[in-house]
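Below is one structure, written out as structure tokens; comments come after it.
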Amino acid sequence: MKPFPQTLRAQLMLLVLLALAAAQAVNLFWFADERSLAVRAALGAEAAERAANAARLLEEAPPSLHPSIIRAASTPLVRFDIADAPSVDHTTHDQRGAAEARVRTLLGERFGGEVRAELHEIDSAQLPLAYLTPEMAETHRDMMRGHMLAIELKFSIELSDGQWLNAGTLFERPPLQWPVHSVATFVLSAGFILTAVFWFVLAQVARPLGKLASAAEKLGPEEKIAVLPAAGPQEVRELAAAFDRMQDRISGLVAERTRMLAALGHDLRSPLTAMRVRAELIDEDETRTSMITLIEEMQEMAETTLSFARGLSVAGRAEDCELGQFLEDLRREMPGGFQLEHGGTVSVCLHPAAMRRALRNVIENAQNYGGAARVSYVLQEGRIVITVADDGPGIAEADLEAVFEPFLRLESSRSRETGGHGLGLSIARTILRAHGGNVSLRNSADGGLCAELTLPLGNPGRPG
């Protein structure tokens, strides 16, 4: 099972989803950070204002009222006390920031004492805070969802009598939250974007590419596929136009090669016939026999070349037939026949004459080099696979593809009985590919050579 989608449409949709999720995560992180800064600024400003007000009251009130003022000013989140020494030691923390400046502003220019402020994080192991009631600590923990990274803000304000007003407050970084409206926004955005991508890719990209792939699969050496419509984005239209131009070039090259081979085979007939007549007039028996044998071989090569040319341009309409019966008829037609293993009822559309020539070439190759031919067929993954196996020695792995080259013979002799002219497998592959299939060879594990002919179930391509 492949973990990543294989179609262009599915890949684009997955990438859009991942991009949206990544963007949403970044926005959520920024939102949480800004929210944390806003909360910290608000709590810091409130603590600074409360400390400044408490300092002014202490300066204006008699010392006997100082304990009452401290108790009134203190809250569960902000605590105050009066001491002889400041709680903020600037010898180790020299931080002068917005909180200190705000306290000085609130106290006014007439205040001449020193103001110290310190902001730092503390170990969350110290929580819950000792000055909170158990009920408030539990409520606070629930509100913070267990993520209680504490930020401590401390003030030390020097009073006119030499004592110090120390104030301290603790607040936590707000937890990362994803509000319901953010989820709804993400779902709606993803839905709209994916709908647009789905429509665009399906209608503008995927469908034209699918048609192009189908046309490429059906492209044959003889008749041309209809010109592809210029639809979709510019790149897809240019690809379709390039395919049409390529089709024209391929058709021209194949037609030129076919005409050349046909003309060559046809034009050789007349001089070979004349040479045969002259050879018959030779008096010496040995010379006459040798000349006639050479001329007959040349005539057979010319006929084979014509057959190869016809294999590239077989005309006629494709027909629906039952493959088992088609092979059974071929078995009766061929001298000596072959062993046929039926694989059930399979209907296939093909060009009968061309396919008989292709199968006959492959089966005769198995009979000539492997001693016998065993033919079977099976329906596999939407395609028909015809197997022709023999009991011969097989061939070298490096030559499994080379034997399909025209006029190539692995058999070293020049005997027509053993070597042929090296066109049988070439013609077979040309015909099978024109039907939208192919021919391949492999050495069987049990010995012998195995030829596999594949055919599509649908309408074949052009005959080949």
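Within the group R9, R35, which residue is of a type in the set (K, R) and modelled with pLDDT under 65? Answer to the selection: R35.
Residues of the range 432-447 that are surrounded by fewer than 22 Cβ atoms within 10 Å (Cβ to Cβ) and touching a helix residue (DSSP H, G or I) at 6+ places or on another chain (Cβ under 6 Å): N438 alone. Scanning the range 146-161 finds one or more residues that are assigned by TED's automatic domain parsing to the domain that holds D89, surrounded by fewer than 17 Cβ atoms within 10 Å (Cβ to Cβ), modelled with pLDDT of 65 or more and among the hydrophobic types (A, V, I, L, M, F, W, C).
All of (1) modelled with pLDDT of 85 or more; (2) basic (K, R); (3) surrounded by 13 or more Cβ atoms within 10 Å (Cβ to Cβ) hold for R310 with one exception: (1). Within the range 380-401, the only residue that satisfies the criterion of being more than 17 Å from S444 (Cβ to Cβ) and either crowded, with 18+ Cβ neighbours inside 10 Å or outside the structural domain of A445 (by TED's automatic domain parsing) (or both) is I384. Scanning the range 338-379 for residues that are of a type outside the set (A, V, I, L, M), surrounded by fewer than 16 Cβ atoms within 10 Å (Cβ to Cβ) and over 20 Å from A434 (Cα atoms) turns up Q339, E341, H342, G344, T345, G371, S376.
Taken together, the criteria exclude A353 from residues that are out of contact with any His (no Cβ under 6 Å at 6 or more places or on another chain), modelled with pLDDT of 85 or more and of a type in the set (G, A, S). Scanning the range 408-464 for residues that are under 15 Å from E364 (Cα atoms), among the polar types (S, T, N, Q) and at pLDDT 80 or above yields a single hit, S426.
The values are calculated or read from the model by the stated rules, or taken from the named source; none is laboratory data. Given the structure is predicted, the values throughout are model-derived calculations rather than measurements. When we count neighbours, we look across all protein chains shown, and the Cβ atoms used for this are built from the backbone with ideal geometry, even at glycine.
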